[in-house]
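The values are calculated or read from the model by the stated rules, or taken from the named source; none is laboratory data. Values in this document were obtained by computation on a predicted structure and should not be read as measured data. All Cβ positions, glycine included, derive from the backbone under ideal geometry; neighbour counts span all protein chains shown.
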Amino acid sequence: MITQPRWYAVYTKPRWEKKVAELLSRKGIENYCPLNKVMKQWHDRKKVIEEPLFTSYVFVRIGPSELTDVRKTDGILNFVYWIGKPAVIREDEITTIQRFLGSYREVKLEKTRIMPEDSVQVIEGPLMNREGKVLEVYHKSVKVILPSLGYALVAQLDKSSVEVIGVKDKTGRTNFAAPVYNHFKIA
C-alpha cells in the first residue's frame, strides 16, 4: 500500500530551524521553514532579516517510510505529536502560511485556544475564498485560525475584505447570513 506524503511538524534545537531545513534539503526531503521578514535596528543601521515564524519548528512532507530518516537528522529533537502520533498538518494550512508570508511583512504569531464567534469568508487578497472563524477584530486586523497548529496569524486587512456568513446568537447557535452577505462592520 503506497500512501501519499503528508506534512508533519518537527521540533528542532533552539535556533536550528534554518540549519535543519538545509540538512533536510541535502537529504532530498521536502521541507518548509516559514521565514518572516522583519525590520531589525542596530545602533548604526536598519536591516530587513528573515527569521523563522515558528520558533523551533520546521515542516516536512514525507511518507511513513521516511519518518526514521527525518528523526535522525542533526538538530531535530522529535516530531510534534498529537494523541500519541506525529501530528499531520493539512496541505491547505501550509499553503495558507506560504501565501500569507508572501503577502505580508512582520507577521505576528499568537498562540491561541480561544473559541471563535463568527464564521467569515475572505473576499479578496491572498486568503480569498477561505472561510474562517473570527477570534478578535481590531481597527483593521483579523485573526485567522490554523486549527491543527493551534496558532493564529494576524494580518492587516481592509474593512471591505471580510464578509460575515454566520453569527452566533446568545444561545450559542450559528445563524447564517442571508444569500446577500452583509459586509463585516468594524467600528
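What's the total number of residues in segment 64-96 that are at pLDDT 95 or above and assigned to a loop (DSSP other than H, G, I, E, B)?
Final tally of qualifying residues: 4.
Could you tell me how many of the residues in segment 1-52 are of a type in the set (Phe, Trp, Tyr) and in contact with a Gly (Cβ under 6 Å, 6 or more places away or on another chain)?
Number satisfying all stated conditions: 1.
When you look at residue 38, is it aliphatic (A, V, I, L, M) and touching a Phe, Trp or Tyr at 6+ places or on another chain (Cβ under 8 Å), yes or no?
Taking the combined requirement at face value, the residue does not satisfy it.
Would you mind finding the one in 48, 38 that is farther than 23 Å from residue 90 by Cβ, surrounded by 13 or more Cβ atoms within 10 Å (Cβ to Cβ) and modelled with pLDDT under 90?
38
From the list 54, 59, exactly one residue is assigned to a loop (DSSP other than H, G, I, E, B), of a type in the set (Phe, Trp, Tyr), in contact with a Pro (Cβ under 9 Å, 6 or more places away or on another chain) and under 18 Å from residue 20 (Cα atoms). Which is it?
Result of the check over 54, 59: 54.
The rows are residues; the columns are (1) surrounded by fewer than 12 Cβ atoms within 10 Å (Cβ to Cβ); (2) small (Gly, Ala, Ser); (3) at pLDDT below 95.
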residue	(1), (2), (3)
3	yes, no, yes
21	no, yes, no
25	no, yes, no
61	no, no, no
